[in-house]
Amino acid sequence: MDRVLILLAAGRGERAKVEKQWATVQGMPVVAHTLSLCERERMVDRILLGVSPSRLSLAQEMVERYAPDIGEVFVGGHERRDTVWNGLQRLPEGTGLVVIHDAARPFASKELWLRVIKKAKEAGAAIPAVPVRDTIKEVVNNQVVKTMKRELLWAVQTPQAFSKEIIVEGYRMAIEKDLPITDDASAVELLGHPMAVVDGDPQNEKITFAEDLERYRASSPDIRVGWGFDAHSFCPDRPLFLCGVEIPHSQGLEGHSDADVALHALCDALIGAAGMGDIGVHFPDTDERHKGRESSWFVRRVVEMLEEKGFSVLNADITIMAQTPKLSSYRQQMRERVAQLLSIPADRVNIKATTTEGMGFVGRKEGIAAAATVALIAVG
Ligand code: MG
């Protein structure tokens, strides 16, 4: 067991008002970015993930999913210092190097990890840091006390790495003296041990405030695509509805509801994009309440379900396959109706109609088929 990572995720998010380590950024929970990088790149031999007691089972799930070979969960303490100390007590036999990392820094690159680990192996202790860009002043009661020399100031990041003896000794001293530790290197500095600095990475920001999360989400939108298909056969004595518009024709479509094949395909695309199954699961045709129901009701209900799940519709593209009737003169009306049902602008809806050149059930005028593609964006 050469390198062991203590990954800190026990924070209660007092500054961010949310436990940001469990929030989703770029399609994964924040904590999972580090788990997955370390597992994939074999950055360390073991990960000890420190979490609050209420998050034990969630953390266990994350480890099983993102770092099944090397991950292990432990209960952290009230303060960051106590969590690190708990982790240090659990170091496996033969640990050489201890790497400590804040889970709230999900964007530490592989290169940064390698730089820190390599330097710590040579020097016994290494941290990444970047030059401070802003001028830093000491302020007390809204009054400037002192302006610091910017050229001497560096902002310290994690991961930080230390040989085991040094970090354990440093923390032992910090705890004996009851010193608060927000940065592991300062525990080692108590020992007077030299601390090597390697180039940090400006991208390796710490998610501290709720606005940080918003910014990351905005820069990496979570987009989902869904596809749906449906077909219904013609039957006499029913009105024909397509995309919520009644189309004059000698026949309508057979079905439990109003049989609007295009809106059914649309519902399936929406439900599919959100990973919620299909239209039959939500509106079974054995349910008498849906008998003769307008399919626009289904679309509205699906949009409500998406909103509850935190999704918003970006656009929809529908293709109706019909040998008859001719649909081109109804396209604009259908477009506007679908846009209204989805509560999006009409230019985000596209309706296409095609024959199948006389081939297949559509070509034989036995019925109408429709396919729909939609995109959703996660907003919640
Ligand atoms: Mg159907």
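Could you compute how much accessible surface R3 exposes when probed at 1.4 Å, giving the result in Å² to the nearest 10?
My reading of the accessible area for R3 is about 40 Å².
Out of T158, T354, T83, any idea which swings most in a Gaussian network model of the chain, alpha carbons joined below 10 Å?
Among T158, T354, T83, the largest GNM mean-square fluctuation belongs to T354.
Based solely on its DSSP helices, what 222 nm [θ] is calculated for the chain when runs of n ≥ 4 H residues each add -39,500 (n - 2.57) and the sum is averaged over all residues, nearest 500 deg cm²/dmol?
The helix contribution divided over the chain gives -9500 deg cm²/dmol.
Grab the alpha carbons of segment 118-163, take their convex hull, and tell me the volume per residue in Å³.
That works out to 105 Å³ per residue.
Roughly how tilted is helix 331-342, in degrees to the nearest 10 and between 0 and 90, from the longest Cα axis of the chain?
Around 40 degrees separate the two axes.
With every protein chain kept in the model, how would you rank H78, H33, H256 by accessible area, 1.4 Å probe, largest at the top?
Solvent-accessible surface, decreasing: H78, H256, H33.
Helix 56-66 sits at what angle to the longest principal axis of the chain, using alpha carbons and giving 0 to 90 degrees rounded to 10?
Helix 56-66 sits roughly 80 degrees off the main axis of the chain.
State whether segment 3-219 is rounded, prolate or oblate according to the following rule on the C-alpha gyration tensor (a ≥ b ≥ c being the square roots of its eigenvalues): a/c under 1.5 gives rounded; otherwise a/b larger than b/c gives prolate, and the remaining case gives oblate.
Since a/c stays below 1.5, the shape of segment 3-219 is classed as rounded.
Of the candidates T208, T355, T24, which one comes out as most mobile in a Gaussian network treatment of the chain with C-alpha springs shorter than 10 Å?
T355
Quick one: compute a quarter of the convex hull surface over the Cα atoms of the chain and quote it in nm².
Reported value for the Cα convex hull: 25.9 nm².
Which of D184, D237, D212 moves most in a GNM of the chain, Cα contacts under 10 Å?
Taking springs between Cα atoms under 10 Å, the residue moving most is D237.
Determine the percent antiparallel among the DSSP beta bridges restricted to segment 3-219, to the nearest 5.
40
Per residue, how much accessible area does the chain show when a 1.4 Å probe rolls over the protein heavy atoms, in square angstrom?
In whole numbers, the chain has 49 Å² accessible per residue.
Mind ranking 125-138, 257-270 by how tightly packed they are, going by the mean number of other C-beta atoms within 10 angstrom, highest first?
Sorting 125-138, 257-270 by mean packing, highest first, produces 257-270, 125-138.
Rounded to the nearest 20 debye, what is the charge dipole size of segment 3-219 about its Cα centre when +1 sits on each Lys and Arg Cβ and -1 on each Asp and Glu Cβ?
With only Lys, Arg, Asp and Glu charged at Cβ, the dipole is about 340 debye.
If I take every Cα pair under 8 Å that is 6 or more residues apart in segment 251-369, average their sequence separation and divide by the length, what percent do I get for the relative contact order?
RCO, segment 251-369: 26 percent.
What ratio of Cα Rg to 2.2 N^0.38 Å holds for segment 228-319?
Dividing the Cα Rg of segment 228-319 by 2.2 N^0.38 Å gives 1.07.
What do you get for Rg/Rh over segment 262-380 if you use C-alpha atoms and the Kirkwood form of Rh?
Expressed as Rg/Rh, it is 0.99.
Treating only the Cβ of Lys, Arg, Asp and Glu as charged (+1, +1, -1, -1), what charge dipole size does the chain show about its Cα centre? Round to the nearest 20 debye.
Rounded to the nearest 20 debye, it is 740 debye.
Under a Cβ-only charge scheme (Lys and Arg +1, Asp and Glu -1), can you give me the dipole magnitude of segment 245-332 about the Cα centre, in debye to the nearest 20?
Charge dipole, segment 245-332, about its Cα centre: 220 debye, nearest 20.
Leaving out ligands, DNA and RNA, what percent of the accessible area of the chain is carbon and sulfur, probe 1.4 Å?
It is 49 percent, rounded to a whole number.
The values are calculated or read from the model by the stated rules, or taken from the named source; none is laboratory data. Since the model is a prediction, treat every value here as computed from it, not as a measurement. Cβ: placed from backbone, ideal geometry, glycine included. Neighbour counts: every protein chain shown. For accessibility, only protein heavy atoms count, side chains too; no ligands or nucleic acids. Shrake-Rupley method; radii C 1.70, N 1.55, O 1.52, S 1.80 Å.
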